[in-house]
1. Run B:Arg85 past the list (1) touching a residue at least 24 places away in the same chain (Cβ under 8 Å); (2) more than 10 Å from chain A (Cβ to nearest Cβ); (3) closer than 24 Å to B:Lys163 by Cβ and report the number of the one that doesn't hold.
2. Kindly indicate the residue of the stretch A:36-63 that is touching a Lys or Arg at 6+ places or on another chain (Cβ under 8 Å) and away from chain B (no Cβ under 11 Å) and also nearest to DNA strand D (Cβ to nearest atom) among those meeting that condition.
3. Looking only at residues that are of a type in the set (A, V, I, L, M) and part of a strand (DSSP E or B) in the stretch A:161-176, which one is farthest from the other protein chains (Cβ to nearest Cβ)?
4. Quick one: which residue in A:Gly73, A:Gly107 is at positive phi and either more than 16 Å from DNA strand D (Cβ to nearest atom) or buried (at least 20 other Cβ atoms within 10 Å of the Cβ) (or both)?
5. Does the stretch A:38-48 hold any residues that are in a helix (DSSP H, G or I) and within 14 Å of DNA strand C (Cβ to nearest atom), and which are they?
6. What is the one condition in (1) among the hydrophobic types (A, V, I, L, M, F, W, C); (2) assigned to a strand (DSSP E or B); (3) not assigned by TED's automatic domain parsing to the domain that holds A:Ala178 that A:Ile65 does not satisfy?
7. When you check B:Ile162 against the structure, is it surrounded by 13 or more Cβ atoms within 10 Å (Cβ to Cβ) and within 25 Å of B:Gln96 (Cβ to Cβ), yes or no?
8. Kindly list the number of the only condition in (1) within 16 Å of DNA strand D (Cβ to nearest atom); (2) surrounded by fewer than 16 Cβ atoms within 10 Å (Cβ to Cβ); (3) touching a residue at least 12 places away in the same chain (Cβ under 8 Å); (4) of a type outside the set (Phe, Trp, Tyr) that fails for B:Arg99.
Number of protein chains: 2
Amino acid sequence: MTPTMNNFLLDEGAYAGEAGHPIPDIVIRRLPIYLRTLTALLEQNVTSINSEELAESIGVTAAQIRRDLSYFGKFGKQGKGYDVRFLTDEIHHILQLDRPWNCALVGYGNLGQAIVHYGGFVPTSFNISAIFDRNETIGQLVNGLIVKEVDDITDTVAELGIKIGIIAVPPSSVQAIADRLIAGGVTAILNYAPIVIKAPAHVMVREVDPIGAMQSMTYYLDDRG
Amino acid sequence: MTPTMNNFLLDEGAYAGEAGHPIPDIVIRRLPIYLRTLTALLEQNVTSINSEELAESIGVTAAQIRRDLSYFGKFGKQGKGYDVRFLTDEIHHILQLDRPWNCALVGYGNLGQAIVHYGGFVPTSFNISAIFDRNETIGQLVNGLIVKEVDDITDTVAELGIKIGIIAVPPSSVQAIADRLIAGGVTAILNYAPIVIKAPAHVMVREVDPIGAMQSMTYYLDDRG
DNA sequence: GGCTGTGAAGCATTTCACAGCG
DNA sequence: CGCTGTGAAATGCTTCACAGCC
């Protein structure tokens, strides 16, 4: 990817898969959305769906869904559409979500606590298997894990073979935390702070940026209000 | 914008400004990032910067910064670069961040609490001026605000003239909450739930989707790990 | 007959490269 | 002389439209 493989707002770059043509990152980022809708359909016992109907529930065009999927193979049947269960499994597989992933959480303040207790992580493939913080919370028992100190990040992450780091610390410490995670072998970072992390090209960073989202929405708001 | 003016992952559409050519939404979404870097530079007492240096700190190309800014006017001086303070103020103005915005928060669980207590909102133009929830928390005093019940959303939002809603409730209630916010006059929604909200075209919706971000990063991870 | 998968066209965004101003 | 602002080129993404399979 481009310069530092950073912020998803900035890097729209593609990634050259092992073989074949490069798959646009924007396509990869849509797959989780497809997955969610498909999962919801499964729960409603919908077993089959065509691209038109799927597009309608997701809010994209049918052509886009077909094109997106075509990067990865042929998952539908002409005249029929897609088998919901099958397509769900295939996307899970493409995204490597058909296996568990251990994650390290750094920062156990309000945000970190919300992340740990957020139910949305549970039905997914992600386990928080190490928590780090400064101050009082160190030593505390959370979800069967003892909160460790920030100095242990590199060693612990390396020992546990953790590849995914979640950063929920104040902006000023973010880069230092990222450096430690990367030193321990982390190659994917979810960053909750409004800071652009500098990372080597093999490390993927995605930002969660609610304030930026709000700041960009006000552009569209009518003045009076 | 396209169909329902929804999810930022889906809608890359542009918005026709009052006059002139349409400004791509992706440009609008980069402005907050520029703003942050500029603010940090100000704090370091950097008073002037050229597009090359600015690009370096942000992680984009210099041409992109110049092009992005050119949609809104001419803010630099040839041979000199940009005055940091001036450019900061201009972008604030473009995004309408030079005035306060009242926001309604719906959902006061772990996530909602993290949002309220998140320091990052404070130095920005956003005030949470109404909080809604179900259950025990109703009536509780938070930051000088009494948590109201969800049934009050439409009326309260209309009374206070609130234009921005923040949704931090479980997925199953999201659409109903959005409908009430919109009925009360909200035209910008920040949605923390992994659900695509259906909203009329004049309502802007942005998603905060950490799980989606993680699920799309695993695509790039090496298998062994 | 209906719907997928996909060339080819159409748009949108980024980057190049340089005229021209401070 | 350096750097902005911007036409024009290049690249990337989405949509059209239809051949061909089920």
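1. Unmet for B:Arg85, out of (1) touching a residue at least 24 places away in the same chain (Cβ under 8 Å); (2) more than 10 Å from chain A (Cβ to nearest Cβ); (3) closer than 24 Å to B:Lys163 by Cβ: (3).
2. That would be A:Ser51.
3. A:Ile167
4. None of the other options fit; the residue is A:Gly107.
5. Within the stretch A:38-48, A:Leu38, A:Leu41 meet the criteria.
6. Going through (1) among the hydrophobic types (A, V, I, L, M, F, W, C); (2) assigned to a strand (DSSP E or B); (3) not assigned by TED's automatic domain parsing to the domain that holds A:Ala178 one by one, A:Ile65 breaks only (2).
7. When the stated conditions are applied, B:Ile162 passes them.
8. All conditions pass for B:Arg99, except number (1).
The values are calculated or read from the model by the stated rules, or taken from the named source; none is laboratory data. Nothing here was measured: the structure is a model prediction, and the numbers come from that model. Cβ sites come from the backbone with ideal geometry, for glycine too, and all protein chains shown count toward neighbours.
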